[in-house]
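The values are calculated or read from the model by the stated rules, or taken from the named source; none is laboratory data. The model shown is predicted, which means the values in this text are computed figures rather than measured ones. Positions of Cβ are generated from backbone atoms using ideal geometry, with glycine treated the same way; all protein chains shown enter the neighbour counts. For the accessible areas, the whole protein counts, side chains as well, though only heavy atoms, and no ligand, DNA or RNA atoms are used. Shrake-Rupley method; radii C 1.70, N 1.55, O 1.52, S 1.80 Å.
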Amino acid sequence: HPVASHARRRVASLHNATKAAMAKKRAAGDGHDSTKKRKKAKKDSPFRDVAVRGTFALLPHCLDDVKGHILRRLHALLMRHSSALSGVPLAVRDVKLAPGQTLGRVQGTDPRIRVAVRLRCTVFAPQTDCVLPGRVNAIAPNYVGLLVHGYFNASIAASDLRPLNFDSGGACWRNNEQKVEVGTLIRFRLTKTH
């Protein structure tokens, strides 16, 4: 089948390019072996480094740039919650064909070519009881709104702000010792996500 043979050539080309890039990195001293030296994320960190395997179904017009089309699809998934990853993917790297995968597969009469890949993904997935930094971006009588790491919304209910009291005149939460207003950086303990 002409589409299938073209798919094999394009996927084989991606495989050969990946192998050549890895050989070049190893020769430069920053290849696969250096990943073992990376420090593991702290247990309490809201960020996780995850190994992911997946299959992409590409239409024949994508075969001129298999890796580029896969990367575009992956980038479209960034900054959106993923139930499969139990968090929000922030970045992808090390996108490679899955081990033993040198060809794409065509199934039945479906024109899409399935390409199995593996990659590393940084995921924002804070666990309950972890402490996070947040900059106050909204003040109301029943909550304080926060922006965590400059991207993620969080809120603290009024009942969790005690012993602070809402000051409608100053648009802040305060007591004799503390004042929380828009722009204040605070650390808070995560109690639930949704």
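Miscellaneous remarks
- A residue that is small (G, A, S), in contact with a helix residue (DSSP H, G or I) (Cβ under 9 Å, 6 or more places away or on another chain) and under 30 Å from V182 (Cα atoms) occurs nowhere in segment 103-124.
- Across segment 68-90, the number of residues qualifying as outside any helix (DSSP H, G or I) and open to solvent by less than 40 Å² (accessible area, probe 1.4 Å) comes to 6.
- Extreme residue, most open to solvent (accessible area, probe 1.4 Å), among residues of segment 153-194 that are charged (D, E, K, R) and under 31 Å from the mean Cα position of the chain (by Cα): R187
- Contacts under 9 angstrom Cβ, first residue in segment 75-96 being more than 19 Å from V115 (Cβ to Cβ), partner open to solvent by 80 Å² or more (accessible area, probe 1.4 Å) and in a strand (DSSP E or B), 6 or more apart: L85/R48; S86/R48; G87/R48
- Hits in segment 100-128 - residues which are more than 20 Å from A57 (Cβ to Cβ) and not small (G, A, S): R120, T122, V123, F124, P126, Q127, T128
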